[in-house]
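Report on the following structure.
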Amino acid sequence: MKIRNVLVACFLAAASTSGAAVAHDPALHEPTPAPAAVVKKPKPTTCEQLADTSKYDVNLNDSATKALKTSCDAQKAGTAKK
């Protein structure tokens, strides 16, 4: 009789704790940090900035940068002739 009571008690304990072993909603987790954003370089506005490609975004597909390069090239050609 004692073994039966022990088995019933173990069964009840196992049945009552089995609810704790279920999976939980992933939305309850803390959000993961976003990957580091890519830092955009500023567009150059002077000829000196246009020459410094490490600090400024020299994208010749951009019309403003292309116009600046054209004017800087013309300025260099003008000073070279003198």
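The values are calculated or read from the model by the stated rules, or taken from the named source; none is laboratory data. Nothing here was measured: the structure is a model prediction, and the numbers come from that model. Because the Cβ atoms are built from the backbone with ideal geometry, glycine has one as well, and the counts that use them run over all protein chains shown. Keep in mind that these areas ignore ligands, DNA and RNA; they rest on the heavy atoms of the full protein, side chains included. Shrake-Rupley method; radii C 1.70, N 1.55, O 1.52, S 1.80 Å.
General observations
- Charges were assigned to the Cβ only: +1 to each Lys and Arg, -1 to each Asp and Glu. The resulting dipole of the stretch 28-82 about its Cα centre is roughly 400 debye.
- Legend note: in the chain, cysteines whose Cβ sits 4.7 Å or more from every other cysteine Cβ are C10.
- Under 16 Å from the Cα of K69 - aspartates and glutamates, other chains or at least 8 residues apart: E48, D52, D57
- With Cα atoms, 0 to 90° folded angle of helix 63-81 axis to the chain main axis: 30 degrees
- Length-normalised contact order for the chain - Cα pairs under 8 Å, 6+ apart - percent: 17 percent
- Solvent-accessible surface (1.4 Å probe) assigned to C10 amounts to roughly 80 Å².
- Taking the longest Cα principal axis of the chain as reference, the axis of helix 2-17 is set at about 20 degrees.
- Along the axis of the charge dipole computed for the chain (Cβ charges of +1 for Lys and Arg, -1 for Asp and Glu, origin at the Cα centre), the listed residues T79, I3, A51 are led at the positive end by T79.
- The helix-only estimate of mean residue ellipticity at 222 nm for the chain, built from DSSP H runs of length n ≥ 4 each weighted as -39500 (n - 2.57), is -15500 deg cm²/dmol after division by the residue total.
- Convex hull of the chain built on C-alpha atoms - directionally averaged projected area, nm²: 10.1 nm²
- Placing a pseudo-label 7 Å from each Cα along the Cα-to-Cβ vector at C10 and T79 gives an inter-label distance of 9.2 nm.
- Model label sites at S63 and D25, defined 7 Å from Cα along the beta-carbon direction, differ in position by 5.0 nm.
- Computed in the context of the full set of protein chains, the accessible area of the chain at 1.4 Å probe radius has 63% of its extent on carbon or sulfur.
- The trypsin sites (Lys or Arg not before Pro) of the stretch 1-71 meeting both criteria, a DSSP state outside H, G, I, E and B (loop) and at most 12 other C-beta atoms within 10 angstrom of the site's C-beta, are K40, K55.
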